[in-house]
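Written out below as structure tokens is the structure these notes cover.
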């Protein structure tokens, strides 16, 4: 079968086209998928405006004769469109591209070229990974960049936008391609499409781009993390950058209102709130510690087995409580903290007995999750207090040497 003519190479701004159907086959799905889905079909056209999933970029969306195009893939130059209706080979169709996501992808991809070209020319790092999805755009480089270096790259990238430079995409003849210095993540054979942003980047690329850098609007680096010995940065360009800014502005406005602070001082107000919460948490911890010491002192010395319920104890405090009680308890001490709605955390501890069998009972009867040593186990369950008490009163006798005292 002949390769598909890529109309998007000729004009990335077209949204409608006509084509002939070369083949139509049922889309392969597993038996399980077939039970839950309507039949799908893979059609091959003689030409298309649909950009397939390729080069780290997601596929275009749109329709063929008003039927949705659900996926677009390419293999050996043949582009396959997946849709929900069959089309007879030899028939003519009209295809329609969803323009808004197509143009957004063009903005993102052109912005990525500027960023990658600048990183390569200023710091010598290669772009070794690229993903352009519906929401996220990530770039992976084989070297690390400091916050100051990223800010420099972002500033220079936006200067390229202000200059409104023309972006060229051509297939150079082989003799010219052989002497041309351009970026590429893989070894390429056959015709190679070169996208050039004069003064910023020359790169092999198969995707649609905007005509001029001014159309990108803005390039914003939104995140950067260490990744595989280098760095992964996230960017937003054009309309996506505007939407991202609006979302963050709304969040900042809401935070400012909640803190009764101006937007420019919101970070200071959050830092102050965090400091106050740390102080209060320390005070609460001290009060809880004093309370459990008093409660532990009120429990009779040399109690046999203890089952206690507390509405709220921090994990560290629950453990401290267990340690205090095991000194008074000759058998096993069990502490549940929480409530019936949200569930319970528990600690089972003993200085004289192996508590793991009791933990296994909770797992078996109440679907609890947890583990630990023979001296202490910790876990959680979503049973009610009534169910827990019933289990210990009726089923746990074989694990307890002596009487069980219940404290609520």
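Using a/c under 1.5 as the rounded threshold, could you call the stretch 171-319 rounded, prolate or oblate? The axes a ≥ b ≥ c are square roots of the C-alpha gyration tensor eigenvalues, and prolate needs a/b larger than b/c, oblate otherwise.
Since a/c reaches 1.5 and a/b is larger than b/c, the shape of the stretch 171-319 is classed as prolate.
Highest mean first, how do 234-244, 121-131, 375-385 rank when packing is the count of other Cβ atoms within 10 Å averaged over residues?
By packing density, highest mean first, the sequence is 234-244, 375-385, 121-131.
Over the stretch 260-342, what is the relative contact order in whole percent, taking alpha-carbon pairs under 8 Å and six or more residues apart?
30 percent
Taking a ≥ b ≥ c as the square roots of the eigenvalues of the Cα gyration tensor of the stretch 290-407, is the shape rounded (a/c under 1.5), prolate (a/b larger than b/c) or oblate?
It comes out rounded by the Cα gyration axes.
Just how far, in whole angstrom, is the stretch 237-276 from the stretch 171-220 if you go by their alpha carbon centroids?
39 Å
Can you put 174, 272, 6 in order, fewest other beta carbons within 10 Å first?
Going from sparsest to densest Cβ surroundings: 174, 272, 6.
Is the C-alpha gyration tensor of the chain telling us rounded, prolate or oblate? Criteria: a/c under 1.5 is rounded; beyond that, a/b larger than b/c is prolate, otherwise oblate.
Details: a/c = 3.20, a/b = 2.02, b/c = 1.59.
It is prolate, given that a/c is not under 1.5 and a/b is the larger ratio.
Quick one: compute the contact order of the stretch 183-273, relative version, from alpha carbon pairs under 8 angstrom and 6+ residues apart, as a percent.
After rounding, I find 14 percent.
Determine the gain in length on full extension of the stretch residue 193-residue 291; use 0.36 nm per residue of separation and subtract their C-alpha separation, reporting nm with one decimal.
Length gained between residue 193 and residue 291: 27.9 nm.
Between 0 and 90 degrees, rounded to the nearest ten: what's the tilt of helix 99-123 against the longest Cα principal axis of the chain?
90 degrees
Return the distance in nm (one decimal) between the two label points of a simple spin-label model at residue 181 and residue 395, each offset 7 Å from Cα along Cα→Cβ.
7.5 nm
Could I have the simple spin-label model distance between residue 248 and residue 271, label points 7 Å from Cα toward Cβ, reported in nm to one decimal?
For residue 248 paired with residue 271, the spin-label model returns 1.9 nm.
Tell me, in nm to one decimal, what length is gained between residue 384 and residue 142 on full extension, where the rule is 0.36 nm per residue of separation less the Cα-Cα distance?
That pair, residue 384 and residue 142, stretches by 81.8 nm at full extension.
When the chain is fully extended, how far beyond the present Cα-Cα distance does residue 260 get from residue 18, taking 0.36 nm per residue of separation?
Taking 0.36 nm per residue and subtracting the Cα distance, the gain is 81.3 nm.
Cα axis of helix 315-326 to longest principal axis of the chain: angle in degrees, 0 to 90, nearest 10?
20 degrees
Please arrange 183, 212, 246 by counting, for each residue, the other beta carbons lying within 10 Å of its beta carbon, fewest first.
The order, fewest Cβ neighbours first, is 246, 212, 183.
Hey, what did the stretch 84-180 get for relative contact order, percent, Cα under 8 Å, at least 6 apart?
On the way: 47 pairs, mean separation 18.8, N = 97.
Once normalised by length, the contact order is 19 percent.
Just so you know, all these numbers are worked out from the coordinates, no wet-lab data involved. Keep in mind that what you see is a predicted model, and the values were worked out from it rather than measured. Virtual Cβ from ideal backbone geometry, glycine too; neighbours counted across all protein chains shown.
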